[in-house]
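So the structure is just underneath, and the comments pick up after that.
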Amino acid sequence: MTNIADLHIPLEILPLFDFTLNDYSKETLIRLLSEPLSSHEEILLRQDILKGFIANLAIFENYSYSRVDLIEVYTFLTNYKDLDASIGSFRIRLLLSEKERHKTRSKYIQLVLLL
């Protein structure tokens, strides 16, 4: 394993590349910069990922999304309690509870707006 501790990635290198809009992206960027790669193919793949971001930079220039809305969507996708419930009971709750229907609809709308 390569020792990269002397690079001080979070303090010195990360600020050069950190144009992220949220903490999840920042964590991914730190992981992308910190994980040493073991093969030539992995290095080329990582470079292709970075080249893709650079090639599409114009798309991201006007992109913005509220951190609060992102956290709501992230929580919805990662902690959705109804994933373990049966489809039938979920449908019944949506059918009988207007509040549950509005709450679920707003979460799906936020997801669509993010995508």
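Considering only residues in segment 23-44 that are of a type in the set (A, V, I, L, M, F, W, C) and within 26 Å of LEU114 (Cβ to Cβ), the one that is nearest to the chain's Cα centre (by Cα) turns out to be LEU29. Residues in segment 1-24 that are open to solvent by 100 Å² or more (accessible area, probe 1.4 Å) and not in a helix (DSSP H, G or I): MET1, ASN3, PHE19.
Assess whether GLU27 counts as being surrounded by 11 or more Cβ atoms within 10 Å (Cβ to Cβ) and either among the small types (Gly, Ala, Ser) or more than 30 Å from LYS103 (Cα to Cα) (or both). Answer is no for this residue.
The values are calculated or read from the model by the stated rules, or taken from the named source; none is laboratory data. Just so we're clear, the structure is a prediction, and the values are computed from it rather than from any experiment. Don't worry about glycine lacking a Cβ; one is built from the backbone with ideal geometry, like all the others, and counts go over all protein chains shown. Ligands, DNA and RNA are excluded from the accessible area calculation, which covers all protein heavy atoms including side chains. Shrake-Rupley method; radii C 1.70, N 1.55, O 1.52, S 1.80 Å.
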